[in-house]
Amino acid sequence: MHEPNLASADFGGLRVRALALLADASIVFLVAGVLLAGADRYLGEAGLPAALVTAAVFAVFYWPALHASPLQATFGKVLARLRITGYQGERVSFLRSLGRELAKIPAGALFMLGFFMAGLTARKQALHDFFASTYVVREGEPRSALAVATIVVAFAMPVLLIPFLGSPALTGLIATMAQDLAALVREVRNGAVLLLSQQ
């Protein structure tokens with residue numbers, strides 16, 4: 001392993017990375033909601049399976065495609081002023097970025113402890129960063145207010161608008177997604193409590 005060419009870099013810690021993740025999750029949720037609402041409105045219930053597949057593909061490739069792009073960051077990371085780099089500060093390839101995303105599966109397998117490693121390691125690497133040989137580098141103060149506004153608006157819009165479109169299928173789907181999100185938030189909170197109790 002090469003010594004990083006980022007001697008003066010500031011690495012993104014747990015809180016700023018969590019802010020970026022929530023902003024990204026809200027953006028993916030909004031896009032999925034728009035896709036599903038559009039399909040239901042213009043194609044009827046028959047269009048929902050194709051819209052679900054499209055939303056799933058978007059959700060899977062959102063992170064690796066943007067991390068490998070010239071931005072080196074998702075939109076949430078742009079708001080948090082973070083970018084993904086290799087150990088020499090270089091842009092990562094799409095395959096490496098995809099591998100990093102797949103490594104989030106074992107990172108989150110046990111109370112999200114692989115993610116919480118970012119709060120304990122010297123260069124603030126989570127388990128998936130170690131797997132992919134990447135860093136999350138900070139490039140200034142995060143735009144926290146804009147990130148929080150993005151989170152609130154992007155999560156609220158589909159939940160508020162879809163029931164007004166009169167689609168029982170979509171209303172049930174959004175309710176299920178909201179329950180899944182609430183379960184994820186509880187799991188992250190429980191992992192954080194466990195981590196803090198060990199310090």
| said: Quick test for you: out of Ala147, Ala122, Ala156, pick the one residue that is open to solvent by less than 30 Å² (accessible area, probe 1.4 Å) and modelled with pLDDT of 75 or more. | reply: Ala147
| request: Pick out the one residue from Thr121, Thr134 that is within 17 Å of Gly13 (Cβ to Cβ) and in contact with a Ser or Thr (Cβ under 7 Å, 6 or more places away or on another chain). | output: Thr134
| said: Report every pair of residues separated by at least 6 positions or lying on different chains whose Cβ atoms are under 9 Å apart, first residue within the stretch 42-54 and acidic (Asp, Glu), second open to solvent by less than 80 Å² (accessible area, probe 1.4 Å) and outside any helix (DSSP H, G or I). | reply: Glu45/Ser167
| remark: Leu71: passes all of (1) within 21 Å of Leu22 (Cβ to Cβ); (2) free of Cβ contacts under 8 Å to residues at least 24 places away in the same chain; (3) part of a helix (DSSP H, G or I) but (3)
| message | Restricting to the stretch 67-105, and then to whatever is aliphatic (A, V, I, L, M) and open to solvent by 30 Å² or more (accessible area, probe 1.4 Å), can you tell me which residue is modelled with the lowest pLDDT? | response | Ile105
| request: Quick one: count up the residues across the stretch 82-117 that are farther than 26 Å from Arg186 by Cα and of a type in the set (Lys, Arg). | output: 3
| message | Just to be sure I understand, how many residues within the stretch 131-158 are in contact (Cβ under 8 Å) with a residue 24 or more places away in the chain and over 17 Å from the mean Cα position of the chain (by Cα)? | response | 7
| query | How many of the residues in the stretch 82-125 are more than 21 Å from Glu139 (Cβ to Cβ), of a type in the set (Phe, Trp, Tyr) and outside any helix (DSSP H, G or I)? | reply | 1
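The values are calculated or read from the model by the stated rules, or taken from the named source; none is laboratory data. From a predicted model like this one, the values you see are computed outputs, not experimental measurements. Positions of Cβ are backbone-derived with ideal geometry, glycine not excepted, and every protein chain shown enters the neighbour counts. Remember, those area values only see protein heavy atoms, side chains included, never the ligands or the DNA or RNA. Shrake-Rupley method; radii C 1.70, N 1.55, O 1.52, S 1.80 Å.
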